[in-house]
Amino acid sequence: MFQYNLIEKPKFAFKTEVIDSIFKNISNIVPETQLWTLNIVFVDEDSIQKLNNDYRQKDSVTDVLSFHYYEDFSDLEAEETAGEVILCESKIYSQWEEFWLWPEKEFYKLVIHSVLHILWYDHEADDEYKIMQGLEDEIWHKVFEK
């Protein structure tokens, strides 16, 4: 199971037990070995827009970006950083108003989505979308609808 470092806490309340449960369930469901560390980082709109433009050539504010730093995690030590989840807190607030999830639930949803990206899941093609969405739904159900 991934360990994580929360680089900066958001203004909204959240439970570390829920994040732990998310990581545990991802580890139980996704076959890829996950023994390394991920950083969870909150940035402002300008910073995430610049990252989105630099790495995805999309000049817009986004809610989350996922970066895995290796194509193969097998040679990493447990304390090494395998990737980062970069979140925009103001975007989380605007999305919870749009989708009617409280900020912390929107945050949890984005963590699940991002970690799957770090584990090489994608949603560009329809078949990839169905697989990734199925995993997201399964993890969400196990964490919140026990």
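In the chain, the DSSP beta bridges split such that about 30 percent are antiparallel, to the nearest 5.
Across the range 58-63, coupling constants 3J(HN,Hα) worked out from phi with the 6.51/-1.76/1.60 Karplus curve, θ = phi - 60°, read 10, 8, 8, 6, 10, 7 Hz, and Gly and Pro carry x. About its Cα centre, the chain has a charge dipole of approximately 540 debye under the convention of +1 per Lys or Arg Cβ and -1 per Asp or Glu Cβ, with nothing else charged.
Scanning residues 5 or more positions from Y4 or on other chains, those with amide H under 5 Å from its amide H are L38, with H placed 1.01 Å from N in the peptide plane. Where only DSSP H runs of four or more residues are counted, the chain gives -16000 deg cm²/dmol as its mean residue ellipticity at 222 nm, each run worth -39500 (n - 2.57). Taking a label point 7 Å from the Cα of S94 along the Cα→Cβ vector, which residues of the range 49-63 have an amide N closer than 11 Å to it? 49, 60-63, by backbone N distance to the label point. Residue pairs exceeding 28 angstrom between C-alpha atoms, taken from K50/K142; K24/K58; K109/K130; K9/K50; K11/K109: K50/K142; K24/K58.
A short reminder: the numbers here are calculations on the coordinates, not readings from a lab. Note that the structure is a prediction, hence the values are computed from the model and not measured. Please note: Cβ atoms are built from the backbone with ideal geometry, for glycine as well, and neighbour counts cover all protein chains shown.
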